[in-house]
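Note sheet for the following structure.
The values are calculated or read from the model by the stated rules, or taken from the named source; none is laboratory data. Quick caveat: nothing in here was measured; it's all calculated off a predicted structure. We place every Cβ from the backbone using ideal geometry, glycine too, and count neighbours over all the protein chains shown.
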Amino acid sequence: MSVSDVVLVHGLWSDGSGWSEVIPFLHDAGHRVTAVQLPLTSLEDDVAATRRVLDGLPGPVVLVGWSYGGTVISNAVVDAANVSALVYVAAFAPEKGESGFQILQGFGATVGEVVRPYDDGLSEVDRSRFREVFAADVPAVRANVLAAVQKPSALSCLESPSGEPAWRAIRSWYLVAEEDRALPPAAQRFMAARMGAAVASVPSSHAAPLSRPGNVAELIIRAAVGTA
């Protein structure tokens, strides 16, 4: 019998609707699904929002992070005994004391060129380059909508050092997006190997949950069955 609960955590400049294409596949497989709505105001706030959801579930739970959501799930599982598996989708999986910015810099990522900071510490992605960098394999009409509705995000989310990572104690799976122009595939493979994750890959942009939802759901279901 597979794990019934799946909790999905989105990344920066997006919201829980980024999982809208994946959720039907998980429902069809018999899972109860919750997509966390992160405030994207700080790593601490985002971890708290995720813990609020986890604390309301009996478990076992498969906890899934996309992009920056990987940092969130890595930090949200302290004392959360109901989480049985972690799934990272083109996601950050930082070591203790490491930040998302350090990972990006270490692999020569150029995503910072399209980020536009506000005076209050929040930021957005240049709409004219959103599809190019984040969603190159998503239809232009959909990608333009994503750019228009993007949620302003605090740059401190990427600057904050991670705590003790949950992947040290919980079985993990990782989906590498091989055509990712935001988080380099080489960085994804490095993090997946470092954490000892079971690895799959897909020829997608950073927006794998939107362009390859079936593949993303398949890995989540595999993790659920593998830890049932």
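At a glance:
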quantity	calculated
Restricting segment 175-228 to residues that are assigned to a strand (DSSP E or B) and out of contact with any Gly (no Cβ under 9 Å at 6 or more places or on another chain), the residue that is surrounded by the most Cβ atoms within 10 Å (Cβ to Cβ)	A177
Some residue of segment 56-67 being assigned to a loop (DSSP other than H, G, I, E, B), aromatic (F, W, Y) and in contact (Cβ under 8 Å) with a residue 24 or more places away in the chain	no
Residue list for segment 47-73, filter: within 17 Å of R189 (Cα to Cα) and among the hydroxyl-bearing types (S, T, Y)	S67, Y68, T71
Top-ranked residue of segment 32-51 - restricted to ones that are under 14 Å from the mean Cα position of the chain (by Cα) and assigned to a helix (DSSP H, G or I), ranked as farthest from A224 (Cα to Cα)	L43
3 or more residues out of contact with any Pro (no Cβ under 7 Å at 6 or more places or on another chain) and not aliphatic (A, V, I, L, M): qualifying helices (runs of 4 or more DSSP H) within segment 88-168	100-106, 130-134, 156-159
Residue pairs meeting the criteria (Cβ under 9 Å; at least 6 apart or on separate chains; first among the polar types (S, T, N, Q) and surrounded by 13 or more Cβ atoms within 10 Å (Cβ to Cβ), in segment 118-145; second modelled with pLDDT of 95 or more and part of a loop (DSSP other than H, G, I, E, B))	S123/L12; S123/W13; S123/P152; S123/L155
